[in-house]
Amino acid sequence: MTFSVQSEVGQLRQAIVHRPGLELSRLTPQNIGELLFDDVLWASKAKEEHSAACELAAGDRGRARHGRPHLRPGGLAARRRSA
């Protein structure tokens with residue numbers, strides 16, 4: 001399978017990503033519509049696919065930045081604003 005990300009302005013070098021976690025374990029057929037999901041997802045499969053996508057990005061000279069550490073108070077985003 002071949003994956004590709006196209007852009008009108010250039011090559012995508014970085015992306016902020018979020019590793020699937022507890023939120024997927026809390027999905028049920030009763031609450032998927034309320035939480036704006038199309039279907040109940042398998043958390044373990046979602047984690048595998050997430051890891052594979054991050055590896056693909058890194059192998060193609062890209063970078064996947066995991067959002068949670070960067071968005072918390074005192075994280076990378078806060079340090080950049082204060083600089």
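The values are calculated or read from the model by the stated rules, or taken from the named source; none is laboratory data. Worth saying up front: this structure is predicted, and the values here are computed from it rather than measured. For neighbour counting, all protein chains shown are included, and Cβ atoms are generated from backbone atoms with ideal geometry for every residue, glycine included.
Count, please, the residues in the range 9-37 that happen to be assigned to a loop (DSSP other than H, G, I, E, B), surrounded by 10 or more Cβ atoms within 10 Å (Cβ to Cβ) and among the hydrophobic types (A, V, I, L, M, F, W, C).
Here the count works out to 5.
Tell me, please, whether a residue that is outside any helix (DSSP H, G or I) and at pLDDT 85 or above can be found in the range 38-54.
yes
Give the range 4-34 a look and list any residue that's in contact (Cβ under 8 Å) with a residue 12 or more places away in the chain and either in contact with a helix residue (DSSP H, G or I) (Cβ under 6 Å, 6 or more places away or on another chain) or over 23 Å from Glu55 (Cβ atoms) (or both), or say none.
The answer is Ile16, His18, Arg19, Pro20, Leu24, Ser25, Leu27, Thr28.
Can you name every residue in the range 1-37 that is of a type in the set (A, V, I, L, M), modelled with pLDDT under 80 and farther than 19 Å from Arg65 by Cα?
Met1, Val9, Leu35, Leu36
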